[in-house]
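Undergrad: Pasting in a structure now, in structure tokens, and then I'll have a few things to ask.
Read-outs throughout are calculated quantities, based only on the coordinates presented, and are distinct from any laboratory measurement. Just so we're clear, the structure is a prediction, and the values are computed from it rather than from any experiment. Virtual Cβ from ideal backbone geometry, glycine too; neighbours counted across all protein chains shown.
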Amino acid sequence: MKIFNTLSKTKEEFEPREAGKVSMYVCGPTVYNLIHIGNARPMVVFDTVRRYMEYKGYQVNYVTNFTDVDDKIIKKAKEEGVESSVIAERYIEECRKDMKALNVKPATVHPKATEEIGGMLDMIHTLIEKGHAYAAPDGTVYFKTRSFKEYGKLSHKNLDDLQGGNRSLLVSGEDQKEDPLDFVLWKPKKEGEPYWESPWCKGRPGWHIECSVMSKKYLGDEIDIHAGGEDLIFPHHENEIAQSEAANDKVFAKYWMHNAFLNIDNRKMSKSDGNFFTVRDIGEKYDLQVLRFFILSAHYRSPLNFSADLMKAAENGYDRIVTSVANLNYLLQTNESDAPDSSETQMTQQETAAAEEAKRFVVKFEEAMEDDFNTADAISAIFELVKFTNTNVTEQSSKAFIKTLKDEILMLSDLCGLIVEKEAEILDDEVEALILERQEARKEKNFARADEIRGLLLEQGIILEDTREGVKWKRA
Ligand code: AMP
Ligand code: ZN
């Protein structure tokens, strides 16, 4: 399996630090709003990486955080006149709902920055002791960037170029810094802001320290993969490396993976000029599985452009797989009442050969995934399998053959986190007929049947209410 490592800028053979195990940390969202479709990209991409690793038999320890203390959260809390924890908790819940709709598996651990302050104080303390950090007179603690000799190794930047070229590092007005390149580990509280006690001042952590600490706590000093969007390479991940490696004297992460950006109509997403969609906005127009399909239809390191046309194409592509599976299910069901004789349950010689041939699509899928997770090519392999299935399955096919191909489509789709087998939706007419039957049963005091029908409908998400005006029903 090859992974493009931002550290070496090359595709490297993946070798986990410990046989059979993978530890992975993915930087999560700052929770001050509903997540946007750009935030969904790393969630979907790295969830797919995880699924594939698990398929290959690795035990994956997957950690992704919620940044729940931050200027934007505090600003929103002030606007609404509530504590910042109220804002953070609200959007963590909303984010979890979006992740579920996108079929992103829950992480092994979802730590929150505010619950890990103790570990951050410990790491800052260690960095001061080792001469990598210092407290300024007002209690701000800075990381001494030049004290970490390998600073710049991830973003391939040179310290002197940084100092000369990057004005943003110089203009922060932080004249207490010993060097303009130094960055904040701990900062004093301002009026009305959440704060924690520390040996240096009442205050809160800088953003970068949280990931170094949460990664250490849940995965150890050294991990296999650290990931996030490409905007995080500098300074966030560069600073994480400096903090972790200076504090722990170990190589922090072996592989660094970064997804490219998702843009809208070829422009950067921006809330102020209206070029912006939340996952929720898209969920109103499309099944969110289509968004997942759309995200995976490009290689994760290629910029991805979101437009109505491209979403339509994604919808068609996704539907092609869903329809094929629905047809296979139809064929499996329509034969169900027939007696299971050997012609139905066993494959013919020709079918056995075709099923064997279909395995090449699995091989193709795996080759694509193992070439730095080329999900675009992996999805093409699923399409080829669907096409093969549609041409080779007929009404005369044995159930065993139909089932073999269906299972293969489901397995590959599931590796992409795509749900392609839809529950058959019960029609309004069928609901009405069952309600009538239930009323008849009750009249005849056949309560067992009446309850059975209620249960049957409930399984389909139909809730019955017995009212004075008669039986009413709604979909859950
Ligand atoms: P944030 O909440 O801004 O810290 O972002 C959470 C994650 O989403 C990070 O991994 C970002 O790199 C990623 N991200 C933010 N915007 C985009 C975008 N437009 N395209 C792809 N990834 C993004
Ligand atoms: Zn991070």
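Undergrad: Can you compute the radius of gyration and Dmax for the stretch 38-128, using only the Cα atoms, both in Å?
TA: Just the Cα atoms of the stretch 38-128 yield Rg and Dmax of 16.1, 49 Å.
Undergrad: For the chain, give the share of DSSP beta bridges that are antiparallel, in percent and rounded to the nearest 5; count only bridges with both residues there.
TA: Among the beta bridges of the chain, antiparallel pairing accounts for roughly 50 percent.
Undergrad: Roughly how many nanometres apart are two label points built 7 Å out from the Cα toward the Cβ at residue 400 and residue 309?
TA: 4.9 nm
Undergrad: Hey, what angle do you get for helix 238-248 against the long axis of the chain, alpha-carbon based, 0 to 90 degrees rounded to 10?
TA: In the chain, helix 238-248 runs at an angle near 70 degrees to the longest axis.
Undergrad: What number results when the radius of gyration of the stretch 27-74, computed over Cα atoms, is divided by 2.2 N^0.38 Å? Provide the component values of the computation, followed by the final result.
TA: Working: Rg = 13.5 Å, N = 48, 2.2 N^0.38 = 9.6 Å.
So the Cα radius of gyration is 1.41 times the expected 2.2 N^0.38 Å.
Undergrad: As a footprinting exposure proxy, order 211, 95, 201, 416 by other Cβ within 10 Å, with the fewest listed first.
TA: Least to most surrounded, the residues fall as 201, 95, 416, 211.
Undergrad: Please give the length that would be gained between residue 275 and residue 79 if that part of the chain were fully extended, namely 0.36 nm times their separation in residues minus their C-alpha to C-alpha distance (nm, one decimal).
TA: Gain on stretching residue 275 to residue 79: 68.2 nm.
Undergrad: If you don't mind, another one. With a Förster radius of 41 Å, plug the Cβ-Cβ distance of residue 195 and residue 301 into 1/(1 + (r/R0)^6) and report the FRET value to the nearest 0.05.
TA: Values: r = 40 Å, r/R0 = 0.97.
After rounding to 0.05, the efficiency reads 0.55.
Undergrad: On to the next question. Along the charge dipole of the chain, which of 288, 405, 379 sits closest to the positive end, that is, farthest toward it, with unit charges on the beta carbon of Lys, Arg, Asp and Glu (+1, +1, -1, -1)?
TA: Going by the Cα projections, it comes out as 288.
Undergrad: How big, on average over all directions, is the shadow cast by the Cα convex hull of the chain, in nm²?
TA: Directional mean of the projected Cα hull area for the chain stands at 29.7 nm².
Undergrad: For the stretch 361-406, which chymotrypsin sites (Phe, Trp or Tyr not before Pro) are in a loop by DSSP, counting at most 11 other Cβ atoms within 10 Å? Could the numbers behind the result be given before it?
TA: Details: sites: 361, 365, 373, 383, 388, 401; in loops: 373.
Here no loop site has a sparse enough neighbourhood.
Undergrad: What's the extension gain from residue 427 to residue 115 if we count 0.36 nm per residue and subtract their Cα-Cα distance?
TA: Numbers: separation 312, 0.36 × 312 = 112.32 nm, distance 4.78 nm.
The span from residue 427 to residue 115 would gain 107.5 nm if fully extended.
Undergrad: Once the Cα atoms of helix 117-129 and of the chain are each reduced to a long axis, what angle between those two axes, in degrees from 0 to 90 to the nearest 10, is obtained?
TA: Tilt relative to the chain: about 40 degrees.
Undergrad: How high is the FRET efficiency from residue 234 to residue 319, r the C-beta distance, R0 56 Å, rounded to 0.05?
TA: My answer for the efficiency is 0.90.
Undergrad: Can you tell me the orientation of helix 84-101 relative to the chain, as the angle in degrees between its alpha-carbon axis and the longest Cα principal axis, to the nearest 10?
TA: 40 degrees
Undergrad: Under 18 Å from the 7 Å Cα→Cβ point of residue 436, by amide nitrogen: which residues of the stretch 444-476?
TA: Residues 444, 450, 453-454, 457, 470-473 qualify, since their backbone N sits under 18 Å from the label point.
Undergrad: Give me the distance in nm between label points sitting 7 Å out from Cα along the Cα-to-Cβ direction at residue 383 and residue 349, one decimal.
TA: Using points 7 Å along Cα→Cβ, the separation is 3.6 nm.
Undergrad: Find how much the distance from residue 284 to residue 161 grows on full extension, using 0.36 nm per residue of separation minus their present alpha carbon separation; answer in nm with one decimal.
TA: 39.6 nm
Undergrad: Rounded to the nearest 500 deg cm²/dmol, what is the calculated helix-only ellipticity per residue at 222 nm for the chain, with -39500 (n - 2.57) per DSSP H run of length n ≥ 4?
TA: Values: 16 runs with 224 residues, N = 476.
Mean residue ellipticity, 222 nm, calculated: -15000 deg cm²/dmol.
Undergrad: Evaluate E = 1/(1 + (r/R0)^6) for residue 100 and residue 138, where r is the Cβ-Cβ distance and R0 equals 41 Å; express this FRET efficiency to the nearest 0.05. All intermediate terms of the calculation are to be shown ahead of the outcome.
TA: Working: r = 44 Å, r/R0 = 1.07.
According to the calculation, E is roughly 0.40.
Undergrad: Name the long-range amide H neighbours of residue 60: under 5 Å, sequence gap of 5 or more, or other chain; modelled H, no Pro or chain starts.
TA: Long-range HN contacts for residue 60: 22.
Undergrad: Moving to a separate point now. List the trypsin sites (Lys or Arg not before Pro) within the stretch 73-136 that DSSP assigns to loop and that have no more than 14 neighbouring Cβ atoms inside 10 Å.
TA: 130
Undergrad: Using the count of nearby Cβ atoms within 10 Å as a rough guide to exposure, how do 13, 351, 210 rank from fewest to most?
TA: By the 10 Å Cβ count, ascending: 13, 351, 210.
Undergrad: Please report, in cubic angstrom per residue, the volume enclosed by the convex hull of the alpha-carbon atoms of the stretch 1-158.
TA: Spread over its residues, the Cα hull of the stretch 1-158 gives 166 Å³ apiece.
Undergrad: Using only the alpha carbon atoms of the stretch 249-402, find the Kirkwood hydrodynamic radius as the inverse mean reciprocal pair distance, in angstroms to one decimal.
TA: 18.6 Å
Undergrad: Only sites in a loop by DSSP and with at most 13 other Cβ atoms within 10 Å count here; which trypsin sites (Lys or Arg not before Pro) in the stretch 214-267 make the cut?
TA: The qualifying sites are 250.
Undergrad: Would you please give the residues with an amide H less than 5 Å from that of residue 229, counting only those at least 5 places away or on a separate chain, with H modeled from the backbone geometry?
TA: 259
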